[in-house]
1. Once R0 is set to 45 Å, what does the formula 1/(1 + (r/R0)^6) return for the Cβ-Cβ distance between Asn38 and Ala161, expressed as a FRET efficiency to the nearest 0.05?
2. What FRET efficiency, computed as 1/(1 + (r/R0)^6) with R0 = 30 Å and r the Cβ-Cβ distance, is obtained for Met45 and Val98, rounded to the nearest 0.05?
3. Around Val94, under 14 Å between beta carbons, what's the net of Lys plus Arg minus Asp minus Glu among the other residues?
4. Summing Lys, Arg as +1 and Asp, Glu as -1, what charge do residues with Cβ under 12 Å from the Cβ of Trp123 carry, Trp123 excluded?
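Coordinate-derived values only; no laboratory data. The model shown is predicted, which means the values in this text are computed figures rather than measured ones. No Cβ is skipped: glycine too gets one built from the backbone with ideal geometry, and neighbour counts run over all protein chains shown.
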Amino acid sequence: MSPRIVRRQRGTALVVGMIMLVLITLMLITALNLGVTNFRAMTNMQFRSEAIAAADKAIQQVIGSPFTAAPAAETILVDLDNDTVTDYTVQVAVPQCVYAAQAFGADPSSLSLPPTMSAASTWNTIWDLDASVAPAANAGGASVRVQSGVRVLLSEVEKAAVCP
């Protein structure tokens, strides 16, 4: 009969295996947290871009209207994705005339001007439009403030009425 060799197990492999398992778990948790953080950052950037687009859309709507006739504050509801649900509420402050200078020289545009707006009686006016955006109550989103300037050609009478 051959002699039996008795080996004693000391658990070293078990301890090393547990340490490796803990290290791998920590790396996975770190990677998951990093991915979630990047996702949140991208989502915030998307909400901010959408809010700026909503402000731009509202400002373009104001510029397209005869806002210089009677400047007033407006609240504009913006639906960016055309699903009939308001995505953003834009508060456009009262447009401010910040500069006026008489327009001299040739006709200021290629459009046909009314007789009351000859080259000698027109004014180049610069207007400041300020829009504050808040997300709709039923959606996530960002709040931003956008300022824009626009040049408007006014007659002498219109300039005197709205631009100091």
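1. Values: r = 53 Å, r/R0 = 1.19.
With R0 = 45 Å, the Cβ-Cβ based efficiency is 0.25.
2. Values: r = 31 Å, r/R0 = 1.05.
Computed FRET efficiency for Met45 and Val98: 0.45.
3. Details: positive: none; negative: Glu74, Asp128, Asp130.
Surrounding charge for Val94 is -3.
4. Numbers: positive: Arg151, Lys159; negative: Glu156, Glu158.
Result for the neighbourhood of Trp123: 0.
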